[in-house]
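**Q** Below are the structure tokens for one structure; questions will follow.
The values are calculated or read from the model by the stated rules, or taken from the named source; none is laboratory data. Nothing here was measured: the structure is a model prediction, and the numbers come from that model. Cβ atoms come from the backbone with ideal geometry, glycine included; neighbour counts cover every protein chain shown. We work out accessible area using only protein heavy atoms, side chains counted, and drop any ligands, DNA or RNA first. Shrake-Rupley method; radii C 1.70, N 1.55, O 1.52, S 1.80 Å.
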Amino acid sequence: DDALADRSLQLDARRVAITGGSYGGFMACWAITQTDRFAVAVAGAPIVNFESEYGTADIGPTWFEREQLGTPWADRERYAARSAIRCVERVRTPLLLYHGEADLRCPIEQSEQFFSALVALGREVELVRVPAEGHVLPSDASPVHRRLTREVILEWFGRYLKPGA
């Protein structure tokens, strides 16, 4: 139906969101340091500081030396240039962070760093700490944490993406 096709092409630029978990969380945090085009953002288990992630993640040295072609002390600028924390003052997008407290892949200190910096800057941010959960949240979480995490995410989107808002 042509009417349906025409309607599907209409986007409300004021109601565009970005979200992701793990590497997607990294990308969501990075994106909101680069642009103000998003009305709201949600990031789960993001990496925001490549240098500290190197020393705290369960695969830190192995993954980062391969992906970044070296260690942080050999090329601090390379690590810093890819870290959203370095550009945190640019963030204007309301951000919800969610993170499992038992995440060894991307330890919760990554979300804590971004959250603390955004609070200090007076930005709109919330951090949901999910006890006893690991990296693949909410999909591999306990049923109660899976549901609660998804409810918090939906509430966050609803707060900023209401039609006419």
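**Q** Taking the chain as a Gaussian network, Cα atoms linked when under 10 Å apart, which of 112, 155, 53 shows the biggest mean-square fluctuation?
**A** Among 112, 155, 53, the largest mean-square fluctuation in the Gaussian network model of the chain belongs to 155.
**Q** Between the stretch 10-37 and the stretch 55-89, how many Å separate their Cα centres?
**A** 22
**Q** Taking the Cα of residue 12, stepping 7 Å toward and past its beta carbon, and measuring to each backbone N in the stretch 128-165: which are under 15 Å?
**A** Counting only backbone N, you get 157-165.
**Q** Could you tell me the calculated FRET efficiency between residue 121 and residue 151, based on Cβ-Cβ distance and R0 = 30 angstrom, to the nearest 0.05?
**A** On the way: r = 27 Å, r/R0 = 0.92.
Using R0 = 30 Å, I get an efficiency of 0.65.
**Q** Taking only the Cα atoms of the stretch 67-158, how large is their convex hull per residue, in Å³?
**A** Working: hull volume 10.4 nm³, N = 92.
It comes to 113 Å³ per residue, whole-number rounded.
**Q** How about the stretch 8-71: which trypsin sites (Lys or Arg not before Pro) there are in a DSSP loop, with at most 15 other Cβ atoms within 10 Å of their Cβ?
**A** Working: sites: 14, 15, 37, 66; in loops: 37.
In loop regions of the stretch 8-71 (DSSP not H, G, I, E or B), the sparsely surrounded trypsin sites (Lys or Arg not before Pro) are 37.
**Q** Please determine, in degrees from 0 to 90 and to the nearest 10, the orientation of helix 23-34 with respect to the longest principal axis defined by the Cα atoms of the chain, where the helix direction is its Cα long axis.
**A** Taking Cα atoms only, the helix is inclined about 80 degrees.
**Q** Cα convex hull of the chain: mean projected area in nm², to one decimal? The partial results should precede the final answer.
**A** Values: hull surface 46.0 nm².
Convex hull of Cα atoms, orientation-averaged projection: 11.5 nm².
**Q** Can you give the FRET efficiency for residue 142 and residue 23, using 1/(1 + (r/R0)^6), R0 = 41 Å, r = Cβ-Cβ distance, to the nearest 0.05? The partial results should precede the final answer.
**A** Numbers: r = 24 Å, r/R0 = 0.57.
With a Förster radius of 41 Å, E is 0.95.
**Q** Calculate, for the chain, the solvent-accessible area per residue in square angstrom, rolling a 1.4 angstrom probe over the heavy atoms of the protein chains. Working shown, then result.
**A** Details: 8890 Å² over 165 residues.
Dividing the accessible area of the chain by its residue count gives 54 Å².
**Q** If one takes the longest principal axis of the Cα atoms in the chain, at what angle in degrees, from 0 to 90 and to the nearest 10, does the Cα axis of helix 109-120 lie?
**A** 60
**Q** As a check on your grasp of the helix formula, calculate [θ] at 222 nm for the chain: sum -39500 (n - 2.57) over DSSP H runs of n ≥ 4, divide by the residue count, round to the nearest 500.
**A** On the way: 7 runs with 70 residues, N = 165.
One gets -12500 deg cm²/dmol as the mean residue ellipticity at 222 nm.
**Q** In percent, how large is the relative contact order of the chain, given Cα pairs closer than 8 Å and 6 or more residues apart?
**A** Numbers: 289 pairs, mean separation 37.3, N = 165.
Contact order relative to length: 23 percent.
**Q** A further question on this structure: Using a 10 angstrom cutoff on alpha carbons, build the Gaussian network for the chain and name the most mobile of 74, 141, 132.
**A** The residue that fluctuates most here is 74.
**Q** Continuing with this model, one more query. For the chain, modelled as a Gaussian network with Cα springs under 10 Å, which listed residue fluctuates most, 95, 11, 118?
**A** 11
**Q** I would also like to ask the following. Using a probe of 1.4 angstrom, how much of the accessible area of the chain is carbon and sulfur, in percent? Before the final figure, lay out each step's value.
**A** On the way: 4910 of 8890 Å².
After summing per-atom areas, the C and S share lands at 55 percent.
**Q** From the phi of every residue in the stretch 145-154, what ³J(HN,Hα) in whole Hz does the Karplus formula 6.51 cos²θ - 1.76 cosθ + 1.60 yield, where θ is phi - 60° and glycine or proline is x?
**A** 6, 4, 5, 4, 4, 5, 5, 5, 5, 4
**Q** While we're here: What is the spin-label model distance, in nm, from residue 62 to residue 129 if the labels are put 7 Å beyond Cα along the C-beta direction?
**A** Reported label-point gap for residue 62 and residue 129 is 2.9 nm.
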